[in-house]
Structure formats: structure tokens, C-alpha cells
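Below is one structure, written out as C-alpha cells, with a few remarks after it.
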Amino acid sequence: MVHITEDMIRRRAEHNECEIFSLEEVSLHQQDIERIEHIDRWCRDLRILYLQNNLIPRIENLGRLKKLEYLNLALNNVEVIENLEGCESLQKLDLTVNFVGRLSSVESLKQNVRLRELFLVGNPCTEYDGYRRYVVAALPQLQCLDGTEISRSERIRASQGLEETRRRVGEQERSYLRRREEEKEEAQRKGSKERRTGLDGRCFTDISNTTTSPSEENQGNQENQENQENLDEDQREKEFWQTPCAFTPESRLEAHRHLEEKRRAKEEKEKQKTMTKKKNPPRTLITADGRVMNVNEPKLDFSLTEDEDNNTIVLDLAVFRHMDTSLMDVDVQPTYARVSVKGKMFQIVLPAEVKPDSSTAQRSQTTGHLVLTMPRAEGEIKVMKSVPRPHRAREIRRSSSSEDNKRDDRVPEKLEVDPGKRRTVDFTNIVTHQGSRGRPLETPRPGSPDTGVLSEGFVDDPDVPPLM
């Protein structure tokens with residue numbers, strides 16, 4: 001049973017800065033409310049109150065709302081119009097599709113002198129002979145009934161035959177009330193039978209819950225039993241909605257209780273599934289020693305092929321055709337590929353190393369398959385050694401610096417000039433040396449006699465090699 005709480009009203013007072021004491025309009029429709037309470041004490045300044053599409057059987061606790069102008073109680077279980085005398089400012093009352101059968105209760109609205117519109121469409125009283133004439137005559141302040149304006153001539157005709165109309169309406173009303181008593185008794189008997197049946201079912205359920213869990217050999221039998229239970233539940237559901245019944249407050253409550261029980265059972269089932277998933281240990285994808293496992297939790301068909309022409313590995317995963325792509329997640333690693341389908345893991349070890357950065361994932365628009373194209377890695381990248389340059393003995397001998405010798409023995413640089421265009425540098429002509437007489441010191445050409453003038457103090461040492 002849903003009760004009207006302060007928090008419920010405060011959440012609907014955001015336009016009034018969540019203040020309920022000065023609230024002028026509140027909407028409490030479709031909340032499965034079964035009783036009107038607290039509103040007349042918390043919202044004294046209320047002008048508009050929406051309570052349609054609930055399970056309210058009685059109009060009550062509204063007498064203090066002196067400023068209330070519009071009350072909507074459509075699609076409820078109201079059977080009698082009552083307890084609205086204190087609503088002095090009431091101008092419009094909507095009781096569409098309720099169970100008002102006591103038409104004489106409309107006379108309680110005579111004290112609501114400002115009442116201008118009344119809606120009773122869909123109530124049993126509207127089927128009475130003389131219904132409209134009776135209401136028009138009983139409520140002279142009314143201007144519109146069930147969306148149709150009341151003319152002056154209609155009011156005069158209704159007042160002329162009021163006594164005869166009241167007598168006919170009274171007979172039909174008593175007949176309806178007798179049928180209602182029978183319907184209530186039948187509903188009570190049916191409710192008692194269902195409670196006994198439900199008690200037996202609960203006892204059986206409790207006993208079944210005390211049994212131990214089946215072994216792995218009996219899991220197939222358990223699944224068959226669950227399927228049979230689902231078929232029985234579908235059959236009972238079909239019988240419940242297809243069995244004809246009278247449209248009464250009891251049948252409306254029964255349908256509501258049935259939907260509530262079904263919703264709670266579904267929530268409980270989902271809760272048990274969640275708890276079972278939490279109890280089960282997660283599936284191992286990679287072992288402690290780093291070994292990758294092959295996993296196919298979604299149980300999808302797949303094919304893994306090697307395209308030698310394009311040097312790629314292709315994984316074709318048969319994903320469901322109408323599944324949204326946002327429910328899938330792809331992760332490609334050098335040695336394995338992993339795909340998450342609605343939270344279930346598919347993992348496969350690849351026959352060769354691939355390039356994750358160059359891999360692509362595509363979805364077929366016709367079959368819905370997920371195709372992963374993964375280029376194979378070319379292998380390890382090896383450092384190639386450069387070919388050493390030929391030993392230049394002459395240059396080394398002409399070099400006067402030890403640093404030059406070390407530089408020549410090093411690995412050559414990556415950027416090199418064309419060796420065909422290299423020329424040997426003539427170190428002898430870089431600097432012009434002056435002799436003792438101011439003339440340049442000339443070096444004899446190879447193979448020619450030494451015709452130069454020797455300097456003073458020159459000593460010919462045979463151990464010194466000649467200049468080339």
C-alpha cells in the first residue's frame with residue numbers, strides 16, 4: 001500500500017522551491033495511492049489537486065482545503081460522492097471512470113455553491129434511466145455535466161419531473177447496490193481461496209529452498225524443470241488475463257496486486273541471479289604464469305584464418321545480427337585477441353604475433369559478423385653493421401694528430417659522401433714553410449733526384465723514411 005508522504009509532495013514542489021505550506025498545485029497521479037491523507041494539513045493553500053489513476057476507494061480528508069478549485073479523481077475506485085462540503089471554492093470535479101453507483105450521493109454537492117463542472121462519464125450511475133435529468137435538477141448551480149453545457153430549457157424540464165425521476169433512480173440504485181453486495185461476497189470467497197492456495201505454494205517453495213543444490217549430473221534436469229515452470233507460469237498468466245470478469249473495484253485491485261507480485265518476483269529473480277554471479281569465481285583469462293587461455297563465454301561461432309597474400313590473420317566472429325555495436329568491446333594484443341560481447345568474454349590465442357596498432361575491426365552490415373584483420377609482425381628489428389671504409393695508410397701516416405687516427409678507426413657515420421668523388425687532401429700545401437733564406441721549402445717529387453738546397457746544419461739520418 002502506497003501512502004502519501006511529505007517527501008512525495010515535496011519532490012513535486014520544485015517549482016515552489018520545495019515549500020509545501022504555500023503550494024497551490026500538486027500532481028499525485030499514477031502513484032498507486034489507496035488513501036487520501038495529510039494533504040489538508042500540509043497544503044492549506046492548495047487550489048488544484050491531481051489524484052487520477054490511483055486506487056483511491058473513498059473521498060476523505062479534503063474538507064480543510066477551503067481554496068481548492070479543481071479536484072481530479074478520474075480512474076479510481078470511488079463509489080460514493082462525499083466529504084466535499086468543506087471545499088467552499090470547488091468549481092470543477094472530475095470522477096471519470098470510477099464506480100459511483102449511488103447516484104443520490106451527488107446531492108451532497110449542493111453546498112458547493114461554486115461548482116460549475118462535473119464529470120461522471122464511465123460510472124455505473126450514468127446507465128440509469130433519468131440520470132442526467134436527476135443530476136441537473138439536484139445541482140442547480142451546475143453549468144456543465146460530462147462536458148455538455150446545461151441549457152435553461154433542460155433545467156426547467158428536469159425540475160418539472162423531479163419526483164418521478166428520483167423514484168426511478170432510487171429503484172435502479174437499490175438494484176445496483178444488491179448486485180454490488182453479491183460481487184463483494186464473491187470477491188471475498190475468491191480472495192480466501194487464493195490466499196489458501198498461495199499459502200500452500202509458499203510452503204512448497206520454502207521446502208524446495210531447503211534442499212541441497214543439484215550436482216553437475218542433474219543440471220540438465222534442473223533446466224528442464226525450470227523450463228516447465230516457465231511454461232506453467234505463462235499458462236497461468238494467459239488464463240488470468242483472458243478469464244472474463246466484472247469491472248469492479250475488487251477486480252481492479254486484483255489486477256494491480258497481480259502486476260505487483262509479478263514485478264516483485266522478477267526483481268527477486270534478478271537479485272538471485274546477481275548473487276549467483278557474485279558467488280561464482282570469475283573465469284580465468286590469463287593464468288598466474290602468464291599463459292593466455294582460450295575462452296568463449298558467449299558461445300559464438302568463429303573462424304581464424306591466415307591470409308598469406310596480405311600477410312594478415314583474420315578472425316571472423318559470428319556476433320548476433322541485431323546486437324548493437326556499443327555492446328561489444330575489442331582488445332587486440334600481440335599474441336591474443338579479446339572481444340567482450342554484452343559482458344561475456346571471447347578470447348583466442350593467435351598463431352603468430354600481430355601488430356595491434358595496425359589491426360582493424362569491422363562489422364558486416366548483412367550478417368552482423370565482427371571481422372578482425374590483424375597484420376602479422378615482420379619479426380625482430382636487427383641492427384645492421386656498416387661496412388668499414390678501406391684503410392687509408394697514406395693519410396694516417398701524413399696525419400700529425402693522434403685524434404685523427406682514432407677518428408678514422410671509428411664506425412663510419414650514417415651520412416657519407418660518394419666515395420668516387422673523394423679526393424686525398426694534400427697536407428704539404430696547407431701551410432707554406434719558409435726556409436732560412438726566405439724561400440719556400442720544396443719537397444722533391446717521388447723518383448726524382450734531390451736537387452734542392454739543404455739548410456745549414458742538415459744531418460742525413462738513414463733511419464728516417466723519405467718524404468713521399
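Have a look at Leu65, Leu51, Leu93 and point out the one that is of a type outside the set (Asp, Glu) and within 14 Å of Ser27 (Cβ to Cβ). Step through it out loud before you land on a result.
Details: Leu65 fails: within 14 Å of Ser27 (Cβ to Cβ); Leu93 fails: within 14 Å of Ser27 (Cβ to Cβ).
After ruling out the rest, the residue left standing is Leu51.
Hand me the list of strands (runs of 3 or more DSSP E) wholly inside segment 1-119 holding 1 or more residues that are surrounded by 14 or more Cβ atoms within 10 Å (Cβ to Cβ) and charged (D, E, K, R).
Numbers: elements: 25-27, 48-50, 70-72, 92-94, 117-119.
It comes to 25-27, 92-94, 117-119.
Across segment 354-382, which residue is surrounded by the most Cβ atoms within 10 Å (Cβ to Cβ) among those that are of a type in the set (Gly, Ala, Ser) and part of a loop (DSSP other than H, G, I, E, B)? Give the derivation first.
Here is the first cut: in segment 354-382, the ones of a type in the set (Gly, Ala, Ser) are 358-359, 361, 364, 368, 377, 379.
Cutting the leftovers down to part of a loop (DSSP other than H, G, I, E, B) gives us 359, 364, 368, 377, 379.
Numbers: Ser359: 18, Ser364: 13, Gly368: 15, Ala377: 15, Gly379: 7.
Top of the filtered list is Ser359.
Could you check segment 314-348 and list, in sequence order, the residues that are in contact with a helix residue (DSSP H, G or I) (Cβ under 8 Å, 6 or more places away or on another chain) and assigned to a loop (DSSP other than H, G, I, E, B)? Quick ask: steps written out before the conclusion?
Initially, segment 314-348 is screened for residues in contact with a helix residue (DSSP H, G or I) (Cβ under 8 Å, 6 or more places away or on another chain), giving 332-334, 341-342.
Gln333, Pro334, Lys342 - these are the residues of segment 314-348 that are in contact with a helix residue (DSSP H, G or I) (Cβ under 8 Å, 6 or more places away or on another chain) and assigned to a loop (DSSP other than H, G, I, E, B).
Which is modelled with pLDDT of 90 or more, out of contact with any His (no Cβ under 6 Å at 6 or more places or on another chain) and assigned to a loop (DSSP other than H, G, I, E, B), of Pro390, Pro351? Spell out how you get there, then give the answer.
Details: Pro390 fails: modelled with pLDDT of 90 or more.
Of the residues listed, the single one that is modelled with pLDDT of 90 or more, out of contact with any His (no Cβ under 6 Å at 6 or more places or on another chain) and assigned to a loop (DSSP other than H, G, I, E, B) is Pro351.
Within segment 128-168, take every residue that is of a type in the set (D, E, K, R) and in contact with a Phe, Trp or Tyr (Cβ under 9 Å, 6 or more places away or on another chain) and give me the one that is nearest to Glu117 (Cα to Cα).
Restricting to residues being of a type in the set (D, E, K, R) and in contact with a Phe, Trp or Tyr (Cβ under 9 Å, 6 or more places away or on another chain), the top hit is Asp146.
Among the residues of segment 226-254, what is the count of those that are polar (S, T, N, Q), surrounded by 10 or more Cβ atoms within 10 Å (Cβ to Cβ) and either at pLDDT below 75 or touching a strand residue (DSSP E or B) at 6+ places or on another chain (Cβ under 8 Å) (or both)? Working first, answer last.
Step one: list which residues in segment 226-254 are polar (S, T, N, Q), which gives 227-228, 230, 235, 242-243, 248, 251.
From what is left, the residues that are surrounded by 10 or more Cβ atoms within 10 Å (Cβ to Cβ) are 227-228, 230, 235, 248, 251.
If we keep only those that are either at pLDDT below 75 or touching a strand residue (DSSP E or B) at 6+ places or on another chain (Cβ under 8 Å) (or both) as well, we get 227-228, 230.
Looking only at that region, the number is 3.
The values are calculated or read from the model by the stated rules, or taken from the named source; none is laboratory data. Because the structure is predicted, anything quoted here is derived from the model rather than measured. Glycine gets a Cβ as well: all are built from the backbone with ideal geometry, and neighbour counts include every protein chain shown.
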